[in-house]
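Novice: One structure is given below, represented as structure tokens, and several questions about it will come after.
The values are calculated or read from the model by the stated rules, or taken from the named source; none is laboratory data. What you see is a predicted model; the values in this text were computed from it and never measured. So basically every Cβ, Gly included, is an ideal-geometry build from the backbone, and we count neighbours across all protein chains shown. Surface accessibility is based on the protein's heavy atoms, side chains included, excluding ligands, DNA and RNA. Shrake-Rupley method; radii C 1.70, N 1.55, O 1.52, S 1.80 Å.
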Amino acid sequence: MSNMKQYVNDILDLVSKRDPDQAHFKNTVEEVLTSVVPLLEKHPEYKAHKILERMIEPERVISFRVPWVDDKGEIQVNRGYRVQMSSAMGPYKGGLRFHPSVSLDILKFLAFEQVFKNALTGLPIGGGKGGSDFDPHGKSDNEVMKFCQSFMTELYRHIGLNVDVPAGDIGVGGREIGYLFGQYKRIRDSYDAGVLTGKRVDFWGSLTRTEATGYGLLYFVKNMLDAKGIDLKGKTVVVSGAGNVATYAIEKAQEYGAKVVTCSDSSGYIYDPNGIDLAALKDIKEVRRARIKEYITTHPNAEYHEGCRGVWSIPCDVALPCATQDEIDLDSAKLLVENGVKAVGEGANMPSTLEAIAYFKTHHVLFAPAKAANAGGVAVSALEMSQNSERLQWTFEEVDGRLKGIMENIYKNSKKNAELYADPDDLVAGANITAFAQVADVMLAQGLV
């Protein structure tokens, strides 16, 4: 075993000993650090300056209680978090997630990923993540507002234009961002538009932000397929999820001429052999906030199946996991390969387990890793910050054009470093090495902080 491989193994042991209950965090640390060994061997100064030991430790972790009163007049108490992982490249930047599964483990994993994803964009943003175990599903607008106001009453003291700029994530859309921003503005008595991104366009959000992650995913995947001479037109695509990422991944895939046959939510999935009716999906999820099962009431040829993992049993050319972490395990990966999948593009944050990724690699499936392929959302969030600083609003076409260019550059840089340090098709290693080198070099320049 090489000196640097042993060094990485020692770091992974350290993570396990310090936080034995944080499996998701350890997995993402392992995924990044094992792939950058060739870079470490060429740059021993990273070890000498304890770059890895510093990277795995958040600069700050904030935990707080969130009390609020529901519509029945009963007091509820949730737990809130903000993990400020790294400010080496700029203000902490990353979403807020409201979901019962939120824990410190999940948020540290997401924050660690965010640092490198944000570095890949080439924009001046660090990495962080936050949220709460509050579940907005089934809550009234009034209850969501009260929770958001209580959450921001604590969070406001830890964020700012040049400190930490949160955005949305699972369970935090335009409604929640609006309530959070309103409370921040009230407490601070200042119209700091750039303190939150993902805002509605009429109070200085960015055009294209809603579509950004889904569109960006397809821009990256198209670059990956084009390099192999594969045309998306006419290909069968399976998509998981039914939120912004999935919806606009479906929209862009259909624009490219692909046939998308699935979508899902937390209760089950739809299979429509005629292709997903995007207008119906948007009505169900964006207008009525209903369950995906309602799709079959107006589409008799479609099928609804309970549970989500079954979506990966549908034969396809391209799979786009856009729901949540760990949704493609080894068994799902085997099903996809058996049914002829040619490419996988991660729209969610680490939706494939390490075992699944290894299986795709050994079976020569083109693989677009999350930190590269789903960076479009945070890229446009950073562009929203720029527009807010200028007190200007760019056109949809201008933002979309910038997004397309950013995703193309992420692909090119990832591909270049894959060819230099690993297998030419190993975009996981290519993206990790690209991002790691950017962050590590800046950390060296800024000294021991």
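Novice: Among the DSSP beta bridges whose two residues both lie in the stretch 43-179, what percent are antiparallel, rounded to the nearest 5?
Specialist: About 70 percent, rounded to the nearest 5.
Novice: Turning to a different aspect of this structure: Report the net charge of residues surrounding H43, where surrounding means a beta-carbon distance below 14 angstrom and charges are Lys +1, Arg +1, Asp -1, Glu -1.
Specialist: Counting the neighbours of H43, the net charge comes to 0.
Novice: Taking a 1.4 Å probe, which of K334, K42, K252, K361 shows the most accessible area, and what order do the others take after it?
Specialist: Solvent-accessible surface, decreasing: K42, K361, K334, K252.
Novice: What does the charge count near Q84 come to, summing +1 for each Lys or Arg and -1 for each Asp or Glu among other residues with Cβ under 12 Å from its Cβ?
Specialist: On the way: positive: R60, R82, K93, K108, K129; negative: E57, E59, D164.
Local net charge: +2.
Novice: Same structure again: Could you go through the stretch 122-138 in sequence order and give the Karplus-derived ³J(HN,Hα) for each residue, using 6.51 cos²θ - 1.76 cosθ + 1.60 with θ = phi - 60°, rounded to whole Hz, and x for Gly and Pro?
Specialist: In residue order, the calculated couplings are x, 9, x, 9, x, x, x, 7, x, x, 7, 7, 5, 10, x, 5, x Hz.
Novice: Let me ask you something else. Determine, for the stretch 211-372, the count of lysine pairs separated by eight or more sequence positions (or lying on different chains) whose alpha-carbon distance falls under 13 Å.
Specialist: 13
Novice: Another question, if that's okay. Give, in nm to one decimal, the length gained when the segment between V69 and K17 is fully stretched (0.36 nm per residue of separation minus the Cα-Cα distance). Display every interim value, and only then the final one.
Specialist: On the way: separation 52, 0.36 × 52 = 18.72 nm, distance 3.93 nm.
Result: 14.8 nm gained on full extension.
Novice: Counting pairs of alpha carbon atoms under 8 Å apart in space and at least six apart in sequence, what relative contact order in percent does the stretch 259-308 give?
Specialist: Values: 80 pairs, mean separation 22.2, N = 50.
Contact order relative to length: 44 percent.
Novice: Under 18 Å from a point placed 7 Å out from the Cα of L444 along the Cα-to-Cβ direction: which residues of the stretch 18-53 have their backbone N that close?
Specialist: In the stretch 18-53, the label zone of L444 (backbone N under 18 Å from the point 7 Å along Cα→Cβ) covers 33, 36-53.
Novice: Related question: Please turn the phi angles of the stretch 387-393 into ³J(HN,Hα) values with the Karplus equation 6.51 cos²θ - 1.76 cosθ + 1.60 (θ = phi - 60°), one per residue in order, whole Hz, x for glycine and proline.
Specialist: 5, 5, 5, 7, 6, 10, 10
Novice: Calculate for the chain the 222 nm mean residue ellipticity that helices alone would give, adding -39,500 (n - 2.57) per DSSP H run of length 4 or more and normalising by residue count, nearest 500 deg cm²/dmol.
Specialist: So the helix-based figure for the chain works out to -14500 deg cm²/dmol.
Novice: While we're here: Taking amide hydrogens as modeled 1.01 Å from N in the peptide plane, which residues meet the under 5 Å criterion relative to G90, leaving out close sequence neighbours?
Specialist: Close amide H contacts, sequence-distant or interchain: G126.
Novice: Using alpha carbon centroids, what distance separates the stretch 280-349 and the stretch 210-250, in Å?
Specialist: Taking the Cα centre of the stretch 210-250 as reference, the centre of the stretch 280-349 is 13 Å away.
Novice: What is the extension gain from Q76 to S386, computed as 0.36 nm multiplied by their sequence separation minus the C-alpha to C-alpha distance, in nm to one decimal?
Specialist: Gain on extension, Q76 to S386, equals 107.9 nm.
Novice: Under a 5 Å amide H to amide H cut-off, with H placed in plane at 1.01 Å, what residues pair with K235 once short-range neighbours are removed?
Specialist: Close amide H contacts, sequence-distant or interchain: K259.
Novice: When a/c is below 1.5 the answer is rounded, else prolate if a/b is larger than b/c, else oblate, so apply that to the stretch 192-341 with a ≥ b ≥ c taken from the square roots of the Cα gyration tensor eigenvalues.
Specialist: oblate
Novice: Now, a different point. Under 5 Å between amide hydrogens, which residues at least 5 positions from M85 or on another chain qualify, with H placed 1.01 Å from N in the peptide plane?
Specialist: Hits under the 5 Å cutoff: E59, G127, G128, K129.
Novice: Further question on the same structure: So which residue, out of D135, D202, D326, gets the largest mean-square fluctuation from a GNM of the chain using Cα contacts under 10 Å as springs?
Specialist: D202
Novice: Share of antiparallel DSSP beta bridges in the chain, in percent to the nearest 5? Each step should come with its number before you reach the end.
Specialist: Values: 25 of 44 bridges.
About 55 percent, rounded to the nearest 5.
Novice: On to the next question. At most 13 other Cβ atoms within 10 Å and a DSSP loop assignment: could you name the trypsin sites (Lys or Arg not before Pro) in the stretch 391-434 that fit? Walk me through the numbers on the way to the answer.
Specialist: Values: sites: R391, R402, K404, K412, K415, K416; in loops: R391.
Sparse-neighbourhood loop trypsin sites (Lys or Arg not before Pro): R391.
Novice: Go through the stretch 237-242 residue by residue and turn each phi into a ³J(HN,Hα) via Karplus (6.51, -1.76, 1.60, θ = phi - 60°); whole Hz please, and just put x for glycine and proline.
Specialist: After applying 6.51 cos²θ - 1.76 cosθ + 1.60, I find 10, 10, 10, 9, x, 8 Hz.
Novice: Hey, another quick one. Where in the stretch 403-442 is the amide nitrogen less than 20 Å from a point lying 7 Å along the Cα-to-Cβ axis of H49?
Specialist: 432-442
Novice: OK, next. Can you send over the carbon and sulfur percentage of the accessible area for the chain, probe radius 1.4 Å, protein chains only?
Specialist: After summing per-atom areas, the C and S share lands at 49 percent.
Novice: Express in nm, to one decimal, how much length is gained between E41 and R60 on full extension, taking 0.36 nm for each residue of separation and deducting their alpha carbon distance.
Specialist: Gain on extension, E41 to R60, equals 3.9 nm.
Novice: What number comes out for accessible area per residue over the stretch 211-372 if the probe is 1.4 Å? Units Å², please.
Specialist: Using a 1.4 Å probe on heavy atoms only, each residue of the stretch 211-372 averages 38 Å².
Novice: Which of the peptides 67-77, 373-383, 47-57 is most tightly packed, and how do the rest follow, going by the mean number of other Cβ atoms within 10 Å of each residue?
Specialist: Result, highest mean first: 373-383, 47-57, 67-77.
Novice: Show me 393-401, 276-284 ranked by packing, highest mean number of other Cβ atoms within 10 Å first.
Specialist: Descending packing order for the listed peptides: 276-284, 393-401.
Novice: Could you order peptides 95-107, 152-164, 211-223 by the average number of other Cβ atoms within 10 Å of their residues, highest first?
Specialist: Details: 95-107: 21.5, 152-164: 17.6, 211-223: 26.9.
Highest mean packing first, the order is 211-223, 95-107, 152-164.
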